[in-house]
1. Would a scan of the stretch 213-221 turn up a residue that is within 23 Å of Leu24 (Cβ to Cβ) and polar (S, T, N, Q)?
2. List, please: which pairs have Cβ atoms under 8 Å, are six or more places apart or on different chains, and start with a residue in the stretch 117-131 that is of a type in the set (D, E, K, R) and end with one that is outside any loop (DSSP other than H, G, I, E, B) and surrounded by 14 or more Cβ atoms within 10 Å (Cβ to Cβ)?
3. Tell me the residue from Ile8, Ile2 that is in contact with a Gly (Cβ under 9 Å, 6 or more places away or on another chain) and not small (Gly, Ala, Ser), please.
4. Can you pull out the residues in the stretch 144-172 that are over 28 Å from Val79 (Cβ atoms) and either touching a strand residue (DSSP E or B) at 6+ places or on another chain (Cβ under 8 Å) or part of a loop (DSSP other than H, G, I, E, B) (or both)?
5. Could you tell me which of the residues Ile227, Ile196, Ile152 is closer than 18 Å to Asp82 by Cβ and either free of Cβ contacts under 8 Å to residues at least 24 places away in the same chain or within 14 Å of the chain's Cα centre (by Cα) (or both)?
6. Look at the stretch 173-214 and say how many of its residues are over 27 Å from Tyr240 (Cα atoms), assigned to a loop (DSSP other than H, G, I, E, B) and out of contact with any helix residue (DSSP H, G or I) (no Cβ under 6 Å at 6 or more places or on another chain).
7. Return only the number of the condition from (1) in contact (Cβ under 8 Å) with a residue 12 or more places away in the chain; (2) surrounded by 14 or more Cβ atoms within 10 Å (Cβ to Cβ) that Gly30 does not satisfy.
8. Condition first: within 28 Å of Ser232 (Cα to Cα) and touching a Ser or Thr at 6+ places or on another chain (Cβ under 9 Å). Now tell me which residues in the stretch 157-176 satisfy that.
Amino acid sequence: MIREDLHIHSCFCDGKDNPEDIVLSAIAKGMIKVGILTHSYTSFDQNYCIRKENIPVFIDEISRLKEKYRDRIEILCGVEQDIYSDFPTSGFDYVIGSQHYILLEGSYYPIDNSEKSFIRLVGDLFDGDYYKMAKTYFRMEKEAADRTGADIIGHFDLLTKFNENDRLFDTGDERYTSYWKDAADHLLKYDIPFEINTGAISRGYRSQPYPQKSIISYIREKNGKLIFSSDSHQKETVAYKFDEFEYLISQECII
């Protein structure tokens, strides 16, 4: 049984619940270690991330909870650092490096807001060519560790969030495969875990976690590390469906 979850968002960014309620939910679920983190500050999009002035408040609150519940659960304070965020990560226990945008000609375009906006993005910026978009995405995803100092690689293939059953593009296409393999090969050199992320399942977008099974198999074949995370945004979905997908890895890999 996997009893650790290091990707849980609270009300300090775009999550629903306060950190203490998350901790209590994790304890009730039998967890032994949790990481409560915030989205890094991004000046170009402040709709989902923590406010700069709240960063020390967040760190202090997690420190308080660490002490209060130290005999019941281990608590870490993390940041999900977007590759386009230049805000310092000092003061956090660990960093998840993630890509949520495509940057073109000085403008940032979110890739995971909605299916409608994603389809429009590909149509407007890539002439409807999903493979051209994927090439751009994975070219930057390749730099996730370099740009963020990540301890964990977050949702490696987030661009498939709205592509359940390959309804928008074929993830088995040799072009797509070559793009993600190039990024994965570079990131594997850092010897840090890729997360198996169940967040899109709990929010009703997917039936399988990120990354897709072929990518998980590739990482395992290359002796890469994997770690489960819920990417939870509410206390009820901490460790979401970990037991159902535990078969995807032979053993837990934690930091």
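1. no
2. Asp129/Val122
3. Details: Ile2 fails: in contact with a Gly (Cβ under 9 Å, 6 or more places away or on another chain).
Answer to the check: Ile8.
4. Going through the stretch 144-172, the residues over 28 Å from Val79 (Cβ atoms) turn out to be 164-172.
Once the filter is applied, which keeps residues that are over 28 Å from Val79 (Cβ atoms) and either touching a strand residue (DSSP E or B) at 6+ places or on another chain (Cβ under 8 Å) or part of a loop (DSSP other than H, G, I, E, B) (or both), the stretch 144-172 yields Arg167, Leu168, Phe169, Asp170, Thr171, Gly172.
5. On the way: Ile227 fails: closer than 18 Å to Asp82 by Cβ; Ile196 fails: closer than 18 Å to Asp82 by Cβ.
Exactly one of Ile227, Ile196, Ile152 is closer than 18 Å to Asp82 by Cβ and either free of Cβ contacts under 8 Å to residues at least 24 places away in the same chain or within 14 Å of the chain's Cα centre (by Cα) (or both), namely Ile152.
6. The number of residues fulfilling the criteria is 2.
7. Of (1) in contact (Cβ under 8 Å) with a residue 12 or more places away in the chain; (2) surrounded by 14 or more Cβ atoms within 10 Å (Cβ to Cβ), only one is false for Gly30: (2).
8. Asp157, Leu158, Thr160, Phe162, Asn163, Glu164, Asn165, Asp166, Leu168, Phe169, Thr171
The values are calculated or read from the model by the stated rules, or taken from the named source; none is laboratory data. Remember, it's a predicted structure, so these values are computed and weren't measured experimentally. Heads up, the Cβs are rebuilt from the backbone with ideal geometry, glycines too, and the neighbour counts pull from every protein chain shown.
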